[in-house]
């Protein structure tokens, strides 16, 4: 068993980051803490910004999206553009509805939930689950947002026994309103859920005005495989890429481009929100950076024309049990290198120009790359790049880390690929 994989600090630190980030709000909070520890200064969108050459800053929107940026220590005349890496903070799962408690035959209490994004529902069954998200608290006449997570597993979505569903192993179509509601407690627990959340937030129940709460899988990550070559954890899509971009951002120095790490929310539900890739969040931030340099709109457009974005969202690896699901010629494998993603219908933004730039970055960083395309008879997903470029029109490449069981509650990827991603993004930020 390889000690190189078992002792990989990057992979183990990434697993700690994921374990500490049971929701998008926690992920952004943890990114902000890491940035602050490295001297980054917090900015607020509703305040005036005073940026300086060489300055390091971060700003969040909605508590679930964050942009960190590092300005090169040069005169504005030498500034060339922006180097951006985009990922997302959210993962598919189940959102807890308002007034969630449901009483079953005066014996059980279950919670009313709804799907968030396209998850593999069966992977949420018969698994200890918890709750994480945020609450809005009334405190001294003001409203305050607080990330909250229960420190123990209290829920389970039980399967129907095979004796009552003999066809369960022949394929099952799950009804989200019937089959996927988690069991919360016995009849004695009626009316206690709101108290439990308030207690986790450290406030009285009456102080909690509203909430955005989700079921979460608290299972710790593991290194598996004969040589410890696989990394398995919840929310690898896309906290793996978010962590890799953060790690690269904090260890590099910009030269002639402003480096930006962009983590959007709501990618799993289409990005059409004020904090998603379709919002003006990135554009607003770029405008304000230019404003601090007293640059005109024409200067902004000049910089944009010489900018580049890496849209980093995980990719499908060839599946060991179903290799036929992959494209005949574009077949990425776990631990085979980062994946450049292509799509004729532009669900991925990669074109010949952006692919050539990305391949050159890989060559410079000494990292191998693979290519991915959907089978032409299987519809694929979309990601951040094509949505974001509708607001900020820059050359963009879509890449990702190869993984198995994407959108499962517990996913599998490769240790070497994670380390390669940090190398590639670090090279991009520095070159």
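The values are calculated or read from the model by the stated rules, or taken from the named source; none is laboratory data. Every value quoted in this text rests on a predicted model; they were computed, and no experiment measured them. Cβ coordinates were reconstructed from backbone atoms using ideal geometry, including for glycine residues, and neighbour counts include every protein chain displayed.
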Hey, residue 213 hits all of (1) crowded, with 17+ Cβ neighbours inside 10 Å; (2) in contact with a strand residue (DSSP E or B) (Cβ under 6 Å, 6 or more places away or on another chain); (3) closer than 30 Å to residue 420 by Cα but one; which does it fall short on? (3)
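Please go through the stretch 151-165 and give me each residue that is within 29 Å of residue 64 (Cα to Cα) and exposed (fewer than 15 other Cβ atoms within 10 Å of the Cβ), ordered by number.
First, pick out the residues of the stretch 151-165 that are within 29 Å of residue 64 (Cα to Cα): 151-157.
Scanning the stretch 151-165 gives 151, 152.
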Could you check the stretch 265-285 and list, in sequence order, the residues that are in contact with a helix residue (DSSP H, G or I) (Cβ under 8 Å, 6 or more places away or on another chain), buried (at least 24 other Cβ atoms within 10 Å of the Cβ) and in a loop (DSSP other than H, G, I, E, B)? 265, 276, 277
Those strands (runs of 3 or more DSSP E) completely within the stretch 361-431 that have 1 or more residues that are in contact (Cβ under 8 Å) with a residue 40 or more places away in the chain and over 19 Å from residue 335 (Cα atoms) are 395-400
Candidates 122, 189, 194, filtered to the one that is farther than 26 Å from residue 12 by Cα and out of contact with any strand residue (DSSP E or B) (no Cβ under 8 Å at 6 or more places or on another chain): 122
Residue under question is residue 43, and the condition is that it be surrounded by 15 or more Cβ atoms within 10 Å (Cβ to Cβ) and free of Cβ contacts under 8 Å to residues at least 24 places away in the same chain; does it hold? yes
Search result, residues across the stretch 118-145 that are touching a helix residue (DSSP H, G or I) at 6+ places or on another chain (Cβ under 9 Å), surrounded by fewer than 19 Cβ atoms within 10 Å (Cβ to Cβ) and within 17 Å of residue 212 (Cα to Cα): 138, 145
Being buried (at least 18 other Cβ atoms within 10 Å of the Cβ), on the phi > 0 side of the Ramachandran plot and in the same structural domain as residue 287 (by TED's automatic domain parsing) narrows 54, 63 down to just 63
Quick one: which of 148, 203, 168, 208 is surrounded by fewer than 17 Cβ atoms within 10 Å (Cβ to Cβ) and assigned by TED's automatic domain parsing to the domain that holds residue 119? 168
With criteria (1) free of Cβ contacts under 8 Å to residues at least 40 places away in the same chain; (2) surrounded by fewer than 17 Cβ atoms within 10 Å (Cβ to Cβ); (3) part of a helix (DSSP H, G or I), residue 290 comes up short on (2)
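If a residue counts only when it is within 19 Å of the chain's Cα centre (by Cα) and over 24 Å from residue 413 (Cα atoms), which strands (runs of 3 or more DSSP E) contained entirely in the stretch 1-87 have at least 2 such residues? So that I can check it myself, show each step before the final result.
On the way: elements: 41-43, 56-61, 65-70.
By residue number, 56-61, 65-70.
Per-residue answers, yes or no, for (1) assigned by TED's automatic domain parsing to the domain that holds residue 270; (2) closer than 16 Å to residue 83 by Cβ; (3) out of contact with any strand residue (DSSP E or B) (no Cβ under 6 Å at 6 or more places or on another chain):
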| site | (1), (2), (3) |
| --- | --- |
| 366 | yes, no, yes |
| 369 | yes, no, no |
| 373 | yes, no, yes |
| 377 | yes, no, yes |
| 392 | yes, yes, yes |
| 395 | yes, yes, no |
| 412 | yes, no, no |
